[in-house]
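Colleague: My questions will all concern the structure given below.
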Amino acid sequence: MGNTSKPTTFRIIATALVLLISISMFVSCSKQTENQPDKPTDQKPDTTEIGDSEGTKEKDPSDDLLYIEGGEGVTLTYWSTMDDAQTQYFTTMAEHTFYQWFEERTGVKVEFIHTPWEQREQQLTLMISTGNFYDILETPEYPGGPQNAINEKCYVDLQPYLDEYMPNYKKALFDEGNEYNDWEWSEKEKEVFGLKPQPSFAAPMYTAEGQLWGVCQIWRDEIPAEYGPVIRADWLREEGLEIPETIDELEVVLEAFKQRGVFAPMSLNPYGYSTVFEGALLLGAFETGGYFDLGKDGKTIEEHSFIKDEFREYLELVRDWYAKGYIDPDFMNSDDDTLWSMMLNDQLGIWLGTWYLPQDIKMFYQGEQDFEIVAMHLPRKSKDQVLRAKLSYLSEPGNTMHLTTSCEH
């Protein structure tokens with residue numbers, strides 16, 4: 001853990017602040033594509049620049065915009081957790097090319113302390129009891145919340161450093177529109193997705209006493225779908241079937257998969273229905289979600305979906321399919337790891353709701369079949385039906401990073 005001495009100069013604290021912001025950008029990408037990790041490689045980032053006709057010349061590190069004067073030789077401890085997909089490729093995130101690139105550009109080394117999810121609370125409690133923390137903590141669940149973490153001398157209040165050391169992050173944090181990420185979207189994408197103004201993230205990142213308790217990932221209020229169903233395309237070919245587009249076509253596919261002796265032709269959300277957050281993967285065909293529904297104007301709140309006739313119709317269909325053996329019989333206890341294992345062991349035909357990309361699933365297949373996974377249409381009652389379900393995220397901080405008082409840099 002870091003030394004308990006306080007930061008001595010504003011210049012040195014920039015080392016940790018640059019790391020906070022850089023990691024928040026990396027986590028933002030990795031959380032949304034966490035099952036597309038880069039293979040570890042010994043290849044070093046390019047450190048040369050084009051010179052004159054005589055060839056190339058070494059690039060002076062101090063010319064790099066990310067270079068931190070005084071950062072050479074500094075090591076920061078970073079407390080985080082690795083997910084299952086990351087552990088397939090790395091023993092520590094220090095092996096990731098991003099952090100190798102980051103160290104070379106800044107001169108700052110990051111020492112990762114990866115704590116299993118089941119031990120996070122215990123380790124955090126130990127840090128609090130000793131008052132000795134790692135330099136940076138990723139998304140800790142501090143007892144009593146962020147203000148208590150500042151009061152108990154764990155988190156550093158970053159507000160005094162915001163203007164001088166984090167002007168770009170401040171601009172993104174207080175942005176009420178889309179200016180901070182306007183570069184990310186082409187004009188065509190803006191037109192297709194109908195991007196709406198992004199509410200400011202500033203309010204939830206400040207305590208009631210006006211202290212900035214960390215650096216967070218900032219993303220849009222509404223984003224394109226990253227969550228959907230996948231299906232065994234090789235089984236479809238063998239059965240002479242196409243990717244189903246309607247409820248009726250899906251039932252034909254499920255029956256064919258059952259006749260193959262598949263344990264679970266299709267998965268189902270543990271709650272028994274898919275929510276609007278998940279794209280209403282099956283429920284959307286019934287013109288309802290899983291909570292209070294919005295009217296077709298997209299604004300008016302209707303009654304709760306559970307008391308609507310459309311939801312009853314959905315339940316009747318699922319009850320029928322469950323009785324016929326089309327649905328995972330243990331769906332209430334089947335988490336992602338279980339479904340992943342079933343798919344790779346040829347015991348699941350349709351994963352109804354995953355953010356895993358087809359090629360990532362195939363990468364881990366070791367069976368003997370001609371394994372092929374492809375994306376599946378969201379099923380409709382008829383091919384001309386227009387689905388109203390839309391994937392969106394709440395505008396709230398996520399994947400927060402916290403500088404601690406134990407950090408001497």
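Colleague: Asp175 passes all but one of (1) in contact with a Ser or Thr (Cβ under 8 Å, 6 or more places away or on another chain); (2) modelled with pLDDT of 95 or more; (3) of a type outside the set (Gly, Ala, Ser); which number fails?
Modeller: Exception for Asp175: condition (2).
Colleague: Determine whether Pro229 is out of contact with any Cys (no Cβ under 7 Å at 6 or more places or on another chain), open to solvent by less than 40 Å² (accessible area, probe 1.4 Å) and at pLDDT 95 or above. Walk me through how you get there before you give the answer.
Modeller: Values: out of contact with any Cys (no Cβ under 7 Å at 6 or more places or on another chain): yes; open to solvent by less than 40 Å² (accessible area, probe 1.4 Å): yes; at pLDDT 95 or above: no.
It is false that Pro229 is out of contact with any Cys (no Cβ under 7 Å at 6 or more places or on another chain), open to solvent by less than 40 Å² (accessible area, probe 1.4 Å) and at pLDDT 95 or above.
Colleague: Another question about this same structure. Of the conditions (1) on the phi > 0 side of the Ramachandran plot; (2) surrounded by fewer than 15 Cβ atoms within 10 Å (Cβ to Cβ), Thr75 fails just one. Which one is it?
Modeller: Result: Thr75 fails condition (1) only.
Colleague: Given the residues Phe371, Phe311, which is the only one that is part of a helix (DSSP H, G or I), in contact with a helix residue (DSSP H, G or I) (Cβ under 9 Å, 6 or more places away or on another chain) and of a type outside the set (D, E, K, R)?
Modeller: Just one listed residue meets the conditions, Phe311.
Colleague: On to the next question. Give the residue, chosen from Gly349, Gly325, that is outside any loop (DSSP other than H, G, I, E, B), open to solvent by less than 50 Å² (accessible area, probe 1.4 Å) and touching a residue at least 40 places away in the same chain (Cβ under 8 Å).
Modeller: One residue alone meets the criteria, Gly349.
Colleague: For Val386, are the conditions met, namely being among the β-branched types (Val, Ile, Thr) and modelled with pLDDT under 90?
Modeller: yes
Colleague: Report the residue count in segment 331-346 for those that are out of contact with any helix residue (DSSP H, G or I) (no Cβ under 8 Å at 6 or more places or on another chain) and either outside any loop (DSSP other than H, G, I, E, B) or open to solvent by less than 60 Å² (accessible area, probe 1.4 Å) (or both).
Modeller: Qualifying residue count, segment 331-346: 9.
Colleague: Would you point out the residue of segment 103-121, among those that are in contact (Cβ under 8 Å) with a residue 60 or more places away in the chain and more than 21 Å from Thr139 (Cα to Cα), that is surrounded by the most Cβ atoms within 10 Å (Cβ to Cβ)?
Modeller: Out of the qualifying residues, it is Val108.
Colleague: Inspect all residues belonging to segment 237-247 and state whether any of them is assigned to a helix (DSSP H, G or I), modelled with pLDDT of 95 or more and within 20 Å of Gln385 (Cα to Cα).
Modeller: yes
Colleague: Mind checking which residues of segment 126-140 are of a type outside the set (D, E, K, R) and closer than 22 Å to Gly398 by Cα?
Modeller: Answer for segment 126-140, where residues must be of a type outside the set (D, E, K, R) and closer than 22 Å to Gly398 by Cα: Phe133, Tyr134, Ile136, Leu137, Thr139, Pro140.
Colleague: From the list Thr97, Thr91, Thr77, which residue is touching an Asp or Glu at 6+ places or on another chain (Cβ under 6 Å), under 27 Å from Asp337 (Cβ atoms) and at pLDDT 90 or above?
Modeller: Residue meeting the stated conditions: Thr97.
Colleague: Give the residue, chosen from Gln217, Gln259, Gln211, that is polar (S, T, N, Q) and free of Cβ contacts under 8 Å to residues at least 40 places away in the same chain.
Modeller: Details: Gln217 fails: free of Cβ contacts under 8 Å to residues at least 40 places away in the same chain; Gln211 fails: free of Cβ contacts under 8 Å to residues at least 40 places away in the same chain.
Of Gln217, Gln259, Gln211, the one residue that is polar (S, T, N, Q) and free of Cβ contacts under 8 Å to residues at least 40 places away in the same chain is Gln259.
The values are calculated or read from the model by the stated rules, or taken from the named source; none is laboratory data. All values derive from a computational prediction rather than experimental measurement. Positions of Cβ are generated from backbone atoms using ideal geometry, with glycine treated the same way; all protein chains shown enter the neighbour counts. Heavy atoms of the whole protein, side chains included, go into the accessibility calculation; ligands, DNA and RNA do not. Shrake-Rupley method; radii C 1.70, N 1.55, O 1.52, S 1.80 Å.
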